[in-house]
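The values are calculated or read from the model by the stated rules, or taken from the named source; none is laboratory data. Remember, it's a predicted structure, so these values are computed and weren't measured experimentally. Methodologically, a virtual Cβ is constructed for each residue, glycine included, from the backbone with ideal geometry; neighbour enumeration extends over all protein chains shown. The area values use the complete protein model at the heavy-atom level, side chains included, leaving out ligands, DNA and RNA. Shrake-Rupley method; radii C 1.70, N 1.55, O 1.52, S 1.80 Å.
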Amino acid sequence: MNAAAPPAPAVRTTCPYCGVGCGVLAQADAAGGAAIAGDPAHPANFGRLCSKGSALGETVGMAGRLIHPMLRQRDGSLTRVPWPQALDRVADGLRQIIAREGPDAVAFYLSGQLLTEDYYVANKLMKGFIGSANVDTNSRLCMASTVAGQRRAFGADTVPGTYADLDLADLVVLAGSNAAWCHPVLFQRIMRNKAERGARVVVIDPRRTVTALEADLFLPLAPGTDTTLFCGLLVDLADRGALDTTYIEAHTSGFAETLERARAIAPDVAATARACELAEADVAEFFTLFHAVARTVTAFSQGINQSAQGTDKVNAIINCHLATGRIGRPGMGPLSLTGQPNAMGGREVGGLANQLAAHMGFAPDEIERVRRFWNAPNVARREGCKAVQMFEAIARGEIKALWVMATNPAVSLPRAGAVRDALRQLELFVVSENVLSNDTVNAGAHVLLPAATWGEKEGTVTNSERCISRQRAFLPTPGECRPDWWIVSAVAQRLGFADAFAFASPADIFREHAALSGFENEGGRDFDIGSLATISDGDYDALEPMQWPLRAGEKLQQAGEKRFFAAGGFYTPDRAARFVPPQPPALAEATSPAFPFRLNSGRVRDQWHTMTRTGQSPRLAAHLAEPFIEVHPHDADRMGLADGGFARISSQHGAAILKVLVSENQRPGSLFVPIHWSDETASCARIGELVAAHTDPHSGQPEAKATPTTIAPVEFALRGLARTRAPLALPGGTWWVKVALAQGVEYRLATGSGPLFWHDFADRWRAADARFAEELDGGVYQAAAFLDGHLDGCFLIAPSGAPASWDLAGLAAVAAQAEDPARRIPKSQACDYIEGTEPVICACFRVSLDAVRAAVHGGAVSVEEIGRMLRAGTNCGSCLPELKRIVVDEHIAHPI
């Protein structure tokens, strides 16, 4: 007998989630999943992964995959077709529309989940050969204000520092960043610095997030007042004589005008505190810390970016670092924490509508340089439509064809309902995806192109510190899936551009991308990896993480850690940084008696974007399984809301029905909602539906943190759950949310329909040959179906006053009696399947909230003791801030 083949070695790749860019060791298993571990050699994470990264192996299955090209028929059905037919349909449609309407009648909408090589080919086709700059990306919703702010200040979209600055800083200011949940690996790095070196941490955020629990100083400022706070800081630094006048005079311009504007906005500490609705003593403490601590990093994220004043907020932060010369030196500088895995790589190749490739813009000399390098017949001459503008142009009928790649705009964009309506108007609507169904596909895509996904394709990504890393394949490519670069190249060839798109591999594309970065670039542009323009296929395959720039003549061994601007050298015409006077801050839309609350949106710890990947993981689903709205107790009382009840939140653009979470951590007058749920995963929880389409005038980034809204209670007579082996089509009028299970799917339900209705529904749902058991007792209806000796599904519907988590042992007993003795399902097995609805705090070891509370009541007084008792918090560390909050809250509620 032959010995079993040894397992394949682990493949070094990069995580597909946030912009931290963690290294991953991935090894496919025989069951179709993968063993996942952090890569100890990767400089972004040194082996640590967050809960999402640790669960990647649960998200690589084939459920719901799109694996063949599909065309939509006149009756709305999708039909499998060969690749040539699908590609011809795309090329012919684009050609006809361009010939009739011109190149600006077509557009691409890309994604921060694409690899740099995919991005490069798509931008080359649209901007160089079709001749329009109508290419934008969901990164517009994420980091566009940082891009605009850095270009205004530095002359280029340059991140000055590195992650190592978080280790070396003596003060870390986290502005608009819930890093403990959104960038957990970097947050744990900051916490190690705090524990080992005594670094101080300031958190600036309207919400008291889990990140704020670790702060030495928490500033719960009023929404939209970040610019005011940092203008006040600049004024205070000037008044204390804390400016680096040598640096200002040698390397900057515009300081006097900027300081004058700052004084007009925030003339002193008291005025700053009043405008930001903060305690004057807290503002003074922050200013004193910033003044006293030279090694200061200000790390900022979506709370700064996702604003109609986001660019000014970014520049207000940068102004303070330029004024003190705290930039580009170890432990100092502004650091943008990027939201997406390859937002930076997309920016390198011109992924935004106001960029050309290799960090070039639309100046005449840059247009001509790109044209000559590409030998492009019809290079775009002006900026295209940014994301929100793009979908407004579709709604007006100006854009007739759209190709969406690896993103879900029908969920994520502002006024998502209007976006969905616009998509249905398109003459040609193409989607490259790895899933057969999502809200965007279901808006009527005419052509579906099956794209390879993480684990199946090869390429590079760039993280928040300019570190380029390889993503490598460790899984077979299923069905007829192809990489996005291959799909775009095949369409380009059919459009007549075969010579320019004769790429045979990602390495071919990377070499051209590197060559363009170094083309006519004698230090005039920041992004330069020209030294890699002749990299061999073997060296590309083996490429180690490296930070750009790596200019022509430098060797890979010289990549090292690189910072910008400590000695000036900015990318403006005179090589001086620009201080930028911000406009007086004002939110884009005022509240009113009809819409008195500010809507703040964001992420939760264990989910990502619209859950097409993370939604497949049972352990990630167990953390916060239901879409919720966080409300301050005062607001809950006056609006008649109950903790654990339901509420309808409405804006001028749409509405959602969510579970209510009453919390002192929320700011009065503001409401917080997570962004992740879509029509695929919940009945009424698309937050993009509510968000107004106000955008920053410089970046085009929409305001996602301050839409005026109102809220009202919603009553459901009954609540329940259903667990099945396969997805259900639930009756209209039912509130539901879908939750992944290891052996099927769970639906959390709320309804006004009584037990007899659900008896009829359960009876229709069960397979014809299934054994069926049901029980109605005291208004509680329970039903279970068994097929071939296995539990096939169950329902439980109970009055809303019943406990939120039910013990279904009674149903298990009834179900067991329904089986023949020889085929009876043990009661314990049935209970294991249908119990367990409580929240899970530690995803790594599936430690529930109740278990943590029990440990605290049993004497645990610290997260370390909880770790020893339950192992919670001892692996990835993502749950540590929550564990700390539970310890504090439980001791307050139940003092010893």
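Measuring r between the beta carbons of Glu277 and Glu257 and using R0 = 45 Å, the FRET efficiency lands at 0.95. When the C-alpha to C-alpha distance is required to be over 24 Å, the pairs from Lys194/Lys705; Lys194/Lys555; Lys313/Lys386; Lys52/Lys457; Lys313/Lys705 that qualify are Lys194/Lys705; Lys194/Lys555. Highest average first, the peptides 601-608, 733-740 ordered by how many other beta carbon atoms sit within 10 Å of their residues are 601-608, 733-740.
Would you mind putting 309-322, 352-365 in packing order, based on average other-beta-carbon counts within 10 Å, highest first?
Taking the mean over residues of other Cβ atoms within 10 Å, the ranking is 309-322, 352-365.
Entry comment: accessible area of the chain is 35 Å² per residue, from protein heavy atoms only and a probe of 1.4 Å. Distance between the pseudo-spin-label points of Glu864 and Glu480 (7 Å out from Cα toward the beta carbon): 6.0 nm. Between the listed residues Ala693, Leu741, Phe757, the Cα displaced farthest toward the positive end of the dipole of segment 676-764, a dipole computed from Cβ unit charges relative to the Cα centre, is found at Leu741. Here segment 400-476 is treated with +1 on each Lys and Arg Cβ and -1 on each Asp and Glu Cβ, and its dipole about the Cα centre works out to around 120 debye. Apolar share of the accessible surface for segment 273-367: 52 percent from carbon plus sulfur atoms, 1.4 Å probe. Segment 600-663 gives an Rg/Rh value of 1.02, both radii derived from C-alpha positions and Rh following Kirkwood.
In this rough spin-label picture, where each label sits 7 Å from Cα along the Cβ direction, the Glu196-Arg871 distance is 2.6 nm. For the pair Arg575 and Asp216, the difference between a 0.36 nm per residue extended length and the Cα-Cα distance amounts to 125.5 nm. The charge dipole of the chain, taken about its Cα centre with unit charges on the Cβ of Lys, Arg, Asp and Glu (plus for the first two, minus for the last two), comes to roughly 780 debye.
Sorting the segments 333-341, 483-491 by their mean number of nearby beta carbons within 10 angstrom, highest to lowest, gives 333-341, 483-491. The share of Cα pairs per 20 Å bin across the chain, counted from zero up to the longest distance, runs 14, 47, 33, 6, 0 percent.
For segment 316-449, the alpha-carbon coordinates run over 53, 35, 28 Å along the three principal axes, in decreasing order. Label sites at Gln96 and Arg382, each approximated as a point 7 angstrom past Cα along Cα to Cβ, lie 2.8 nm apart.
For the pair Ser437 and Glu775, a Förster radius of 25 Å applied to the C-beta separation gives a FRET efficiency near 0.10, rounded to the nearest 0.05. Think of the chain as having a plus end and a minus end, set by charges on the Cβ of Lys, Arg, Asp and Glu; of Ala270, Val631, Pro69, Pro69 sits farthest toward the positive end of this dipole. The distance from the alpha carbon centre of segment 679-745 to that of segment 288-356 is 32 Å, rounded to a whole number. Solvent-accessible area assigned to carbon and sulfur over segment 594-707 amounts to 51 percent, based on a 1.4 Å probe. Using the rule -39500 (n - 2.57) for each DSSP H run of four or more residues, divided by the residues of the chain, the 222 nm mean residue ellipticity is -8500 deg cm²/dmol. Distance distribution P(r), segment 482-536, all Cα-Cα pairs, bin width 10 angstrom from 0: 24, 40, 29, 6 percent.
Counting only Cβ charges, +1 for Lys and Arg and -1 for Asp and Glu, the dipole size of segment 14-81 around its Cα centre is about 300 debye.
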